[in-house]
Amino acid sequence: MYKLFTSESVTEGHPDKICDQISDAVLDAHLAIEPNSRVACETYVTTGLVVIGGEVTTTEKAKAKIDVADIARGVIERIGYTDSSYKFDAYSCGVINVMHSQSGDISRGVERGGAGDQGMMFGYACSQTEEYMPLPIALAHRITRRLAEVRKMKNSPMPYLRPDGKSQVTIAYHDGGKVTVETVVVSTQHDPEPKGKTESQWQKKISDDVKKYIVKNAVSEKWLTKDTKYYINPTGRFEIGGPHGDTGLTGRKIIVDTYGGYAPHGGGSFSGKDPSKVDRSAAYAARYLAKNIVAAGLADECMIQLAYAIGVAKPVSVLVDTRGTSKFSSDSDLAKTVSKVMDLTPGGITKHLNLRRPIFEKTAAYGHFGRDDKDFTWEKLDLVKTLQSEVK
């Protein structure tokens, strides 16, 4: 007997992810000049057009130095939309900036240290992978990262790849603990078939190359079996992509950004938001605490919920749920412990995780969690000993 679970990822060239990266690049630009800037930036893209809106409160110096259009074009260029044939490229697209100042009603609560909005945020960690992430989303991200890596290679074995793409991985969790990959889905944007090749020949080559250069590199052989099913570009063609193929909007890939559906989500987007927005900072704190609990050996799995009221600093509730895997303490006692070892006010989280830095653009593709980057302070395991001493 076994159960199946599926998660998806998208590449940095997916329209929604273009928007997330632009929004976070705008945030980074403000934090680089004025670390106390308050930013809530959202982006929309379609054929030949970028629209950037939201609220920003910052210094006149920062306003004078920041060119939002240049920032957007820089992101688009870095992603790889540099060819006019894509109908959306860094050099010819229009950019409209309709950002304005933050509401004074919200600002009053933030300035006295309160949360920028109400809401609930979730963090999760488990022992399925070395990055303390669920296996389905971990493998889905590995595949999309590999698509971008191969596309950008000098002398790439797949020079026909274009920036847009998706992956989806279904994992079979068998009785007795065995884990296998049931299904792999990869959809990658590509050039038209070259002269001399039929459409079916071209699609077969793409399928063979994706299995050889992408999947086999990203997914360990220990999980793949002779029965693993592959669906590569299942529509048969994926030439039209990016913002020309579909519109994009900041915050539409929040499950891709987190745990692939394996854990709950409070519903708030991360990208484009400074740390006063608990949608982002508290979600990072919850992940940080959950990961340290699992790494400390206190549980095999941990989900944490934090909830806030607008203008109020301390969370209105803290929940720890180890789903029956806690080894030394009750979940209610663990909730008291995490509140003791970390200041869970927006200001306390921001200080503890050092969040008022221009580090966020790189979070905006391939997931905010489970990544080995020194700037991702919420992935550190520096609370392990403290938690062990508090609980044992």
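The values are calculated or read from the model by the stated rules, or taken from the named source; none is laboratory data. Model, not experiment: these values are computed from the prediction. Here the Cβ positions follow ideal geometry from the backbone for every residue, glycine too, while neighbour counts run over all protein chains shown. Surface accessibility is based on the protein's heavy atoms, side chains included, excluding ligands, DNA and RNA. Shrake-Rupley method; radii C 1.70, N 1.55, O 1.52, S 1.80 Å.
For the reader, a short list of remarks on this structure follows.
- Matching residues in segment 71-85 - criterion: being surrounded by 14 or more Cβ atoms within 10 Å (Cβ to Cβ), touching a Phe, Trp or Tyr at 6+ places or on another chain (Cβ under 9 Å) and in a helix (DSSP H, G or I): R73, I76
- Figure legend. Inter-residue proximity from segment 334-350: first residues touching a residue at least 12 places away in the same chain (Cβ under 8 Å), second residues of a type in the set (V, I, T) and part of a loop (DSSP other than H, G, I, E, B), beta-carbon distance below 8 Å, spacing 6+ or different chains. Indicated pairs: L334/T322.
- Selected residue (only one of K216, K229, K195 is modelled with pLDDT of 95 or more and surrounded by fewer than 13 Cβ atoms within 10 Å (Cβ to Cβ)): K229
- All positions within segment 41-67 that are of a type in the set (V, I, T), touching a helix residue (DSSP H, G or I) at 6+ places or on another chain (Cβ under 8 Å) and modelled with pLDDT of 95 or more: T43, V45, T46, T47, V50, I52
- Checking each residue in segment 282-336 for being assigned to a helix (DSSP H, G or I), among the hydroxyl-bearing types (S, T, Y) and out of contact with any helix residue (DSSP H, G or I) (no Cβ under 6 Å at 6 or more places or on another chain) picks out only S332.
- Annotation: of all residues in segment 246-266 being open to solvent by 50 Å² or more (accessible area, probe 1.4 Å) and within 27 Å of S207 (Cα to Cα), the one that is nearest to the chain's Cα centre (by Cα) is I255.
- One residue stands out among those in segment 175-192 that are in contact with a Leu (Cβ under 7 Å, 6 or more places away or on another chain) and of a type in the set (A, V, I, L, M, F, W, C): the one that is surrounded by the fewest Cβ atoms within 10 Å (Cβ to Cβ), which is V179.
- Any chance T235 is open to solvent by less than 20 Å² (accessible area, probe 1.4 Å) and not aromatic (F, W, Y): no
- Filter pass, V320 being of a type in the set (V, I, T) and either surrounded by fewer than 19 Cβ atoms within 10 Å (Cβ to Cβ) or at pLDDT below 95 (or both): no
- For segment 167-174, the criterion of a residue being farther than 30 Å from L298 by Cα and either open to solvent by 10 Å² or more (accessible area, probe 1.4 Å) or not in a helix (DSSP H, G or I) (or both) is satisfied by at least one position.
- Among the residues of segment 304-314, not a single one is of a type in the set (S, T, Y), touching a residue at least 60 places away in the same chain (Cβ under 8 Å) and in contact with a His (Cβ under 8 Å, 6 or more places away or on another chain).
- Unique match (being surrounded by 15 or more Cβ atoms within 10 Å (Cβ to Cβ), under 21 Å from the mean Cα position of the chain (by Cα) and on the phi < 0 side of the Ramachandran plot) among V56, V39, V51: V39
- Selection over segment 363-387 of residues that are touching a residue at least 24 places away in the same chain (Cβ under 8 Å) and surrounded by 15 or more Cβ atoms within 10 Å (Cβ to Cβ) gives a count of 16.
- Residue count, segment 26-85 (criterion: touching a residue at least 24 places away in the same chain (Cβ under 8 Å) and of a type in the set (D, E)): 4
- Residue within segment 374-392 that is assigned to a loop (DSSP other than H, G, I, E, B) and among the acidic types (D, E) present: yes
- Residue match in segment 161-184 (condition: out of contact with any strand residue (DSSP E or B) (no Cβ under 9 Å at 6 or more places or on another chain) and at pLDDT 95 or above): no
- Whichever residue in segment 198-213 is open to solvent by 60 Å² or more (accessible area, probe 1.4 Å) and not charged (D, E, K, R) and, among such residues, is modelled with the highest pLDDT: Y213
- Look at segment 192-207: where a residue is without any contact (Cβ under 8 Å) to a residue 60 or more places away in the chain and a partner is open to solvent by 60 Å² or more (accessible area, probe 1.4 Å), sitting 6+ places away or on another chain with Cβ atoms under 6 Å, you get E193/E199.
Yes or no, residue by residue, for (1) out of contact with any strand residue (DSSP E or B) (no Cβ under 8 Å at 6 or more places or on another chain); (2) among the polar types (S, T, N, Q):
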residue: G245; (1), (2): no, no
residue: D279; (1), (2): no, no
residue: R287; (1), (2): no, no
residue: A299; (1), (2): yes, no
residue: C302; (1), (2): no, no
residue: Q305; (1), (2): no, yes
residue: A313; (1), (2): no, no
residue: L319; (1), (2): no, no
residue: T325; (1), (2): no, yes
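- Filtering V10, V26 for residues that are β-branched (V, I, T), open to solvent by less than 50 Å² (accessible area, probe 1.4 Å) and within 26 Å of R356 (Cβ to Cβ) leaves a single hit, V26.
- Count of segment 60-70 residues which are in a loop (DSSP other than H, G, I, E, B) and open to solvent by 50 Å² or more (accessible area, probe 1.4 Å): 1
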